[in-house]
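The structure under discussion is supplied below as structure tokens; questions concerning it will follow.
The values are calculated or read from the model by the stated rules, or taken from the named source; none is laboratory data. Owing to the predicted nature of the structure, the values given are computational and were not obtained by experimental measurement. Please note: Cβ atoms are built from the backbone with ideal geometry, for glycine as well, and neighbour counts cover all protein chains shown. Keep in mind that these areas ignore ligands, DNA and RNA; they rest on the heavy atoms of the full protein, side chains included. Shrake-Rupley method; radii C 1.70, N 1.55, O 1.52, S 1.80 Å.
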Amino acid sequence: MSETIERDQMQFDVVIVGAGPAGLATAIRLKQLAAAVSREISVCVVEKGSEVGAHILSGAVIDPIALNELLPDWKANGAPLACEVTADRVVYLTRNKSFTLPTPPSFHNKGNYIISLGMLCRWLAEQAENLGVEIYPGFAAAEVLYHEDGSVKGIATGNMGVGRDGEPTDNFQPGMELLAQQTVFAEGCRGSLSKTIIKKFALDQDVQPQTYGIGIKEVWEVPAEQCRQGLVMHTTGWPMDSKTYGGTFVYHMENNQIALGMVVGLDYQNPYLSPFEEFQRFKTHPSIRPMLAGGRRIAYGARALTEGGLQSLPKLSFPGGVLVGDAAGFLNVPRIKGSHTAIKSGMLAAQAVFAALQEPQEAYTSATEAKEYGELFKQSWLYSELYHARNVRPSFKWGTWPAFIYTALDEYILRGRAPWTLKHHGTDHGSLKKAAASVKIDYPKPDGVLTFDRLSSVFLSATNHEEEQPCHLRLGDAARAIEVNYREYASPETRYCPAGVYEIVEENGQPRLQINAQNCVHCKTCDIKDPTQNITWVCPEGGGGPNYGAM
């Protein structure tokens with residue numbers, strides 16, 4: 001902007017960034033705690049998606065343990081948990097065969113439900129609004145605001161109607177400053193503001209580097225005889241090689257629908273690997289193809305997952321706010337579940353934040369720290385669950401088969417109580433080998449029936465952005481994208497992006513990286529995996545991005 005823009009302000013007791021399960025659980029629990037002592041508190045939730053659930057994507061099989069604690073009468077109140085798990089299968093795949101494996105304890109799903117996490121979030125939002133929470137979808141939190149002493153005082157939503165040149169257009173509307181005694185960052189994996197908070201307060205200085213995965217998901221409608229409602233199936237092995245962490249899920253849901261997807265660890269080494277193409281190959285396996293025969297694909301999406309677990313959890317509180325859910329990294333990797341952990345983290349955060357609200361404030365010129373949050377976490381079942389799971393993910397740095405052996409030892413003999421804690425491999429962006437030291441992968445062309453290209457897939461995600469806004473995928477150095485990424489790594493961003501955002505085009509006889517930001521599904525993979533950390537994902541205008549229905 002060529003000049004400073006004046007912004008209106010609104011004051012709340014608590015502002016929550018993100019209407020996912022963690023953010024909504026925080027809001028609900030805050031209102032419950034306030035009601036218990038007959039106190040009024042103001043709670044605001046801002047959500048960058050066009051509506052609650054628009055940017056929510058997960059497998060998802062949910063353990064209702066945290067929901068039981070948050071809203072014990074969820075069944076009577078119509079929570080969208082109707083498809084109870086009836087069977088578990090764990091399968092090892094080779095190129096043409098499959099072998100059923102014993103189901104490890106972490107994969108037992110008795111009492112769990114196959115759900116749409118987006119639908120659950122919409123229901124949670126209704127419960128929150130019934131308690132008096134104000135929820136504003138379509139508003140992207142674009143900036144963290146600070147007091148003079150450095151403590152967080154709130155956030156500012158992004159300006160609307162800014163042109164590609166960064167200047168206001170005729171449709172310009174300035175963002176708004178939302179000030180609070182406590183700000184809760186519930187942005188999900190690799191949140192753009194959470195990332196800056198972690199760096200500013202050095203919240204990760206005493207922990208292992210965070211590690212991530214990318215999850216790609218499709219929903220299919222299939223003939224009735226091919227859907228076994230309640231079946232939960234996980235596979236490992238093909239098409240991943242033995243050095244690449246990854247696996248798939250196949251969940252048989254209601255209404256003759258099957259949700260299937262693949263998670264690939266972003267510590268993979270081969271720059272020619274494409275998680276999207278690997279997932280397309282998976283569907284061609286003789287054990288998978290018959291499930292989808294005669295069906296049609298009705299939804300597609302992708303998102304990154306925070307996989308570091310207990311070793312990589314940053315400090316959870318800082319002056320003026322807290323981190324919850326996947327913004328901190330509460331996913332239980334061996335169980336492939338993060339919804340119940342997100343909800344529980346939000347409940348614990350709410351308890352600590354509510355206690356911090358009782359401390360005297362001096363005209364909102366400074367903010368206290370909800371220090372109790374860290375202790376509450378350590379005393380909870382959430383800590384115990386992540387502690388017992390802590391060594392599984394880092395064991396895969398040794399390769400698939402050594403990790404399988406170690407995981408069996410960990411789950412069946414040690415039961416997560418090993419007297420050691422394994423370290424992770426390092427950073428995901430630092431794991432890529434140079435192209436010259438890697439083997440090219442020849443992926444088959446899509447057939448348009450079982451396998452598809454990325455652009456037709458993005459169409460199913462209903463992704464849309466205001467085209468005239470500044471690009472929200474920012475290059476630190478445009479020359480580096482060619483001199484390093486293209487020449488040394490064969491432009492891995494053209495393969496790890498699941499939405500076809502990045503492509504190399506020729507201009508005046510020279511290669512140039514073209515960014516098709518309109519396609520972005522907000523998975524954040526580029527922000528994580530770029531080998532020189534040259535790409536930064538920032539929030540586009542509120543309401544942009546995917547519009548997932550029941551993903």
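So which residues in the range 129-143 are aromatic (Phe, Trp, Tyr) and in a strand (DSSP E or B), if there are any at all? First the steps, then the outcome.
Kept after step one, since they are aromatic (Phe, Trp, Tyr), are these residues of the range 129-143: 136, 139.
136 - this is the single residue of the range 129-143 that is aromatic (Phe, Trp, Tyr) and in a strand (DSSP E or B).
In addition: Could you please find all residues in the range 516-545 being over 20 Å from residue 266 (Cβ atoms) and touching a residue at least 24 places away in the same chain (Cβ under 8 Å)? Give the derivation first.
Within the range 516-545, the first condition is being over 20 Å from residue 266 (Cβ atoms), and the residues that meet it are 516-518, 539-545.
Once the filter is applied, which keeps residues that are over 20 Å from residue 266 (Cβ atoms) and touching a residue at least 24 places away in the same chain (Cβ under 8 Å), the range 516-545 yields 517, 518, 539, 540, 541, 542, 543, 544, 545.
Also, quick follow-up: Please go through (1) within 19 Å of residue 304 (Cα to Cα); (2) out of contact with any Lys or Arg (no Cβ under 7 Å at 6 or more places or on another chain) for residue 200 and return the number of the only condition it doesn't satisfy.
Residue 200 satisfies every listed condition except (1).
Report, by residue number, each residue of the range 496-551 that is closer than 28 Å to residue 144 by Cβ, modelled with pLDDT of 95 or more and among the acidic types (Asp, Glu).
Selection gives 527, 530.
Separate question: How many of the residues in the range 226-245 are open to solvent by 20 Å² or more (accessible area, probe 1.4 Å), touching a strand residue (DSSP E or B) at 6+ places or on another chain (Cβ under 8 Å) and either among the basic types (Lys, Arg) or assigned to a strand (DSSP E or B) (or both)?
2
Right, here's the next one. So residue 515 passes all but one of these: (1) closer than 17 Å to residue 274 by Cβ; (2) open to solvent by 20 Å² or more (accessible area, probe 1.4 Å). Which condition number does it fail?
Tallying (1) closer than 17 Å to residue 274 by Cβ; (2) open to solvent by 20 Å² or more (accessible area, probe 1.4 Å), residue 515 fails exactly one: (1).
Within the range 198-217, is even one residue outside any strand (DSSP E or B), within 25 Å of residue 548 (Cβ to Cβ) and among the basic types (Lys, Arg)?
No: the range 198-217 contains no residue that is outside any strand (DSSP E or B), within 25 Å of residue 548 (Cβ to Cβ) and among the basic types (Lys, Arg).
Could you tell me whether the range 396-403 includes any residue that is over 21 Å from residue 186 (Cα atoms), open to solvent by less than 10 Å² (accessible area, probe 1.4 Å) and assigned to a helix (DSSP H, G or I)?
Yes, the range 396-403 contains at least one residue that is over 21 Å from residue 186 (Cα atoms), open to solvent by less than 10 Å² (accessible area, probe 1.4 Å) and assigned to a helix (DSSP H, G or I).
Return the pair list, or none, for Cβ contacts closer than 9 Å from residues in the range 496-515 that are in contact (Cβ under 8 Å) with a residue 12 or more places away in the chain to residues that are open to solvent by 70 Å² or more (accessible area, probe 1.4 Å) and aromatic (Phe, Trp, Tyr), at least 6 apart or on different chains.
Qualifying pairs under 9 Å: 504/486; 511/486; 513/486.
State all residues of the range 307-342 that are within 16 Å of residue 56 (Cα to Cα), touching a strand residue (DSSP E or B) at 6+ places or on another chain (Cβ under 6 Å) and part of a strand (DSSP E or B); if no residue qualifies, say none.
none
Continuing with this model, one more query. Select the strands (runs of 3 or more DSSP E) contained entirely in the range 459-547, then report the ones holding at least 1 residues which are over 19 Å from the mean Cα position of the chain (by Cα).
On the way: elements: 473-475, 502-507, 510-515, 535-537.
Fully inside the range 459-547 and qualifying: 473-475, 502-507, 510-515.
Okay, next question. Does at least one position in the range 40-54 carry a residue that is outside any helix (DSSP H, G or I), at pLDDT 95 or above and over 19 Å from residue 129 (Cα atoms)? Quick ask: steps written out before the conclusion?
Pass one, the range 40-54, residues outside any helix (DSSP H, G or I): 40-54.
Next cut, at pLDDT 95 or above only: 40-54.
Filter once more, so that each one left must be over 19 Å from residue 129 (Cα atoms): none.
No.
Follow-up. Can you name the residue in the range 59-74 that is under 22 Å from the mean Cα position of the chain (by Cα), at pLDDT 95 or above and part of a loop (DSSP other than H, G, I, E, B) and is also farthest from residue 252 (Cα to Cα) among such residues?
Across the range 59-74, the extreme among qualifying residues is 64.
Within the range 266-300, how many residues turn out to be within 27 Å of residue 54 (Cβ to Cβ), touching a helix residue (DSSP H, G or I) at 6+ places or on another chain (Cβ under 9 Å) and not in a helix (DSSP H, G or I)?
Residues in the range 266-300 being within 27 Å of residue 54 (Cβ to Cβ), touching a helix residue (DSSP H, G or I) at 6+ places or on another chain (Cβ under 9 Å) and not in a helix (DSSP H, G or I): 8 in total.
Something else about it: Can you give me the number of residues within the range 15-39 that are at positive phi, open to solvent by less than 30 Å² (accessible area, probe 1.4 Å) and either free of Cβ contacts under 8 Å to residues at least 24 places away in the same chain or in a helix (DSSP H, G or I) (or both)?
Filtering the range 15-39 down to residues at positive phi leaves 18, 38.
The next check asks that each one be open to solvent by less than 30 Å² (accessible area, probe 1.4 Å); those that pass are 18.
Still in the list and also either free of Cβ contacts under 8 Å to residues at least 24 places away in the same chain or in a helix (DSSP H, G or I) (or both): none.
Number of matching residues: 0.
Given the residues 409, 357, 382, which is the only one that is within 20 Å of residue 70 (Cβ to Cβ), more than 27 Å from the chain's Cα centre (by Cα) and either of a type outside the set (Phe, Trp, Tyr) or buried (at least 18 other Cβ atoms within 10 Å of the Cβ) (or both)? Step through it out loud before you land on a result.
Values: 409 fails: within 20 Å of residue 70 (Cβ to Cβ); 382 fails: more than 27 Å from the chain's Cα centre (by Cα).
Criteria check complete, one pass: 357.
Identify all residues within the range 162-186 that are in a strand (DSSP E or B) and touching a residue at least 40 places away in the same chain (Cβ under 8 Å); write none if there are none.
162, 168, 169, 177, 178, 179, 180, 181, 182, 183, 184, 185
Take the conditions over 27 Å from the mean Cα position of the chain (by Cα) and among the hydroxyl-bearing types (Ser, Thr, Tyr) and apply them to residue 98. Does it pass? Reasoning before the result, please.
Details: over 27 Å from the mean Cα position of the chain (by Cα): yes; among the hydroxyl-bearing types (Ser, Thr, Tyr): yes.
For residue 98, the condition - over 27 Å from the mean Cα position of the chain (by Cα) and among the hydroxyl-bearing types (Ser, Thr, Tyr) - is met.
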